[in-house]
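Q: Sharing a structure below in structure tokens format, with a few things to ask.
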Amino acid sequence: MEFSERWDQFIHFARKMLAHPEWDATERDYKLVIAEHVAQAREAFLAGSGEWQAHLRRALSASANPVNWRVSSAFWTWLAADPERGNRAIRSLWKPATHEGVDQFLASIPKDTIKGQSARLSLTSLLLTGTNPTDFPYYRSTPFDNAYKLVGYPMPPADASEATIYQHAIEFTDRIIDEARQRGLTLRDRLDAQGVLWFMNGDGWFFGSEDKAAFLAFRGITSPAASPAALAPAMSDPIVHHAPAARSLDDLADRLLLDLEYLRNVQRLLEDKRQVIFYGPPGTGKTFVTRELARFFAGDPTWDDEAGSHRLVQFHPSYAYEDFVEGYRPTQEGTFALRSGPLKRIAEAAANEPGSTHVLVIDEINRGNVAKVFGELYFLLEYRDEAIELQYSETPFRLPGNLWIIATMNTADRSIALIDVALRRRFHFVPFFPDQPPVAGLLRRWLARHKPGMEWVADRVDAANALLGDRHAAIGPSHFMRENLDGEWVARIWEFSILPYVAEHLFGEEERLDEFALDALGRRATPTDDTDAPADAS
């Protein structure tokens, strides 16, 4: 494909992305929120106020920020050890924002303190958003490098300075804006362009099946023989997604390959506080198990936001009280009307059916500002028998005792540490880690039942997790729990899902990535059976 045709395709999918009603909410708004914290930090810093660090910590601790937690931790440690040098470095970056200032800032931070070009520039780019987030886009090397290759844009020179590499990335976002303009698409600014190129590194979740297949083909990660559905996350379908609700807890334990006593404990915890949070790294099946438990406890196989006794919402950085509880929304008549959110709707349904259990699933609870989203509901989470006046309708409202809440929380970015004490006291926290029950051994059990002879996959995953040495970043079993699993798909999943995830974790230690190749892990593991192993697995 010629480069001009590649740009045609790139802008074609960009147009579809930007037309999606959730584009701003999921790809833009949260970045502006983080940038506002950085802007407040910059303003306080230049004014000589000590409050600047508090504002910056809010930005760097946001669950969706692009800076790896290890980088943030190293930055604060360095700043505390040498505050005078740190302040000079930050001043050079923030007053004013120039190419030379970027060079001076990065030269001040020892390369053995924050390791790796991508890690150092991700921190720098986030700090620059405090000057103007639409002029200084977030940077990570992988999405930019992949996008360069996708459209044939030149890579930065091998000997380029870090400031030049970032300037190269900015020029690329300008090129995206220009290519879009030539094809009749208006991008508002570099932030839109950066969002588009980052999305180009994903799985096209905005798209319908046909567009998604074409998008993946454009990215070169699928083939005519590979069904787009086969690229779905591991535990989304293969065993019980379409099955009727389990008849008993024993039946559910058998379907999920989880210990019966574990499920009984979850039930006891829900009966006690009526709300639990499953927490652990991605890919451990938290959402899948949560949904199946909700179906079971509610005795309802459907998923319907307007009917049924269990519902699901997903928090994100721009999700607010008005989305979750109640708020004013525009009508077709051009006015505003007070609308109930999913929590209020399911609470009312539960109150009308006191003899049955209703379950609300909150996916990725830590991606939202929990205190802001829940508002006065914090009180009701603990005092279920009392009522409180809602801030919009100004009417008494209760959370009925037969409404249970099951939430999930991803700990890969350590954002669980930011959950406040008030929330911790109101929820039971249930761990979901590959090295402890109920997840420990789950992949091996699933393979033994559904793909006998492929237990070597579990050996490779165990070996990789031992190398990572971080349970919060461990590789979960869900990637491989799929009906069409074979040696070819293991290799494909490893290349396009596992290795990019590991690369993100190994900021500054990119040379270690070779240790995580399937063949290298095969030498570390003690395979039980290499049936259907890919050619490079030994």
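The values are calculated or read from the model by the stated rules, or taken from the named source; none is laboratory data. Since the structure is predicted, the reported quantities are computational estimates derived from the model, not experimental observations. All Cβ positions, glycine included, derive from the backbone under ideal geometry; neighbour counts span all protein chains shown.
Q: Is it the case that some residue within the range 371-385 is among the aromatic types (Phe, Trp, Tyr), part of a strand (DSSP E or B) and either under 27 Å from the mean Cα position of the chain (by Cα) or surrounded by fewer than 17 Cβ atoms within 10 Å (Cβ to Cβ) (or both)?
A: no
Q: Mind checking which pairs have a first residue in the range 485-503 that is in the same structural domain as Arg460 (by TED's automatic domain parsing) and within 15 Å of Leu468 (Cα to Cα) and a second that is among the polar types (S, T, N, Q) and assigned to a helix (DSSP H, G or I), Cβ under 7 Å, 6 or more apart or different chains?
A: Pro500/Thr142; Ala503/Thr142
Q: With the structure loaded, tell me whether Tyr321 is farther than 18 Å from Glu22 by Cβ, touching a strand residue (DSSP E or B) at 6+ places or on another chain (Cβ under 8 Å) and not acidic (Asp, Glu) or whether it fails that test.
A: The answer is yes for Tyr321.
Q: Also: Filter the range 310-337 down to the residues that are assigned to a strand (DSSP E or B) and over 18 Å from Ile388 (Cα atoms) and list them by number.
A: Residues satisfying the conditions are His310, Arg311, Leu312, Val313, Gln314, Tyr328, Arg329, Pro330, Phe336, Ala337.
Q: Out of Glu488, Glu483, report the one residue that is in a helix (DSSP H, G or I) and of a type in the set (Asp, Glu).
A: Being in a helix (DSSP H, G or I) and of a type in the set (Asp, Glu) holds for just one of Glu488, Glu483, which is Glu488.
Q: Within the range 91-191, which helices (runs of 4 or more DSSP H) (wholly inside it) include 3 or more residues that are surrounded by 18 or more Cβ atoms within 10 Å (Cβ to Cβ) and among the acidic types (Asp, Glu)?
A: Result: empty, no element qualifies.
Q: Then there is this: Please determine whether any residue of the range 46-68 is modelled with pLDDT of 80 or more, basic (Lys, Arg) and more than 30 Å from the chain's Cα centre (by Cα).
A: No, because not a single residue in the range 46-68 is modelled with pLDDT of 80 or more, basic (Lys, Arg) and more than 30 Å from the chain's Cα centre (by Cα).
Q: Restricting attention to the range 88-105, which residues are of a type outside the set (Phe, Trp, Tyr) and closer than 17 Å to Trp76 by Cβ?
A: Within the range 88-105, Arg88, Ala89, Ile90, Leu93 meet the criteria.
Q: Hey, can you tell me all the residues within the range 323-364 that are among the acidic types (Asp, Glu) and either free of Cβ contacts under 8 Å to residues at least 40 places away in the same chain or more than 30 Å from Pro282 (Cα to Cα) (or both)?
A: Glu326, Glu333, Glu348, Glu353
Q: Separate question: Within the range 192-216, restricting attention to residues that are of a type in the set (Phe, Trp, Tyr) and in a loop (DSSP other than H, G, I, E, B), which residue is surrounded by the most Cβ atoms within 10 Å (Cβ to Cβ)?
A: Ranking the candidates gives Phe206 first.
Q: Only one residue in Asp251, Asp323 is at pLDDT below 90 and either surrounded by 18 or more Cβ atoms within 10 Å (Cβ to Cβ) or not assigned by TED's automatic domain parsing to the domain that holds Val33 (or both), so which one is that?
A: Among Asp251, Asp323, only Asp251 is at pLDDT below 90 and either surrounded by 18 or more Cβ atoms within 10 Å (Cβ to Cβ) or not assigned by TED's automatic domain parsing to the domain that holds Val33 (or both).
Q: Ile475 - would you say it is closer than 22 Å to Phe433 by Cα, β-branched (Val, Ile, Thr) and not in a helix (DSSP H, G or I)?
A: So Ile475 fits the description; yes.
Q: With the requirement that a residue be buried (at least 17 other Cβ atoms within 10 Å of the Cβ), at pLDDT 80 or above and over 19 Å from the mean Cα position of the chain (by Cα), what does the range 495-516 give you?
A: Phe516
Q: What number of residues within the range 200-216 satisfy the criterion of being at pLDDT below 85 and under 14 Å from Arg140 (Cβ atoms)?
A: Qualifying residue count for the region: 2.
Q: A further question on this structure: Tell me whether the range 32-42 contains one or more residues that are closer than 25 Å to Trp198 by Cα, touching an Asp or Glu at 6+ places or on another chain (Cβ under 8 Å), in the same structural domain as Pro137 (by TED's automatic domain parsing) and crowded, with 21+ Cβ neighbours inside 10 Å.
A: no
Q: A follow-up question, please. Could you tell me how many of the residues in the range 99-122 are among the hydroxyl-bearing types (Ser, Thr, Tyr) and closer than 19 Å to Ala41 by Cβ?
A: Adding up the residues that qualify gives 2.
Q: Follow-up. Any residue at all in the range 224-242 that's part of a loop (DSSP other than H, G, I, E, B), buried (at least 17 other Cβ atoms within 10 Å of the Cβ) and modelled with pLDDT of 50 or more?
A: The answer is no, given that none of the residues of the range 224-242 is part of a loop (DSSP other than H, G, I, E, B), buried (at least 17 other Cβ atoms within 10 Å of the Cβ) and modelled with pLDDT of 50 or more.
Q: Could you identify the single residue in Ala503, Ala463 that is more than 26 Å from Pro143 (Cβ to Cβ) and among the hydrophobic types (A, V, I, L, M, F, W, C)?
A: Checking each option against the conditions leaves just Ala463.
Q: In the range 421-443, which residues are crowded, with 18+ Cβ neighbours inside 10 Å and part of a helix (DSSP H, G or I)?
A: Leu423, Arg426, Leu442, Leu443
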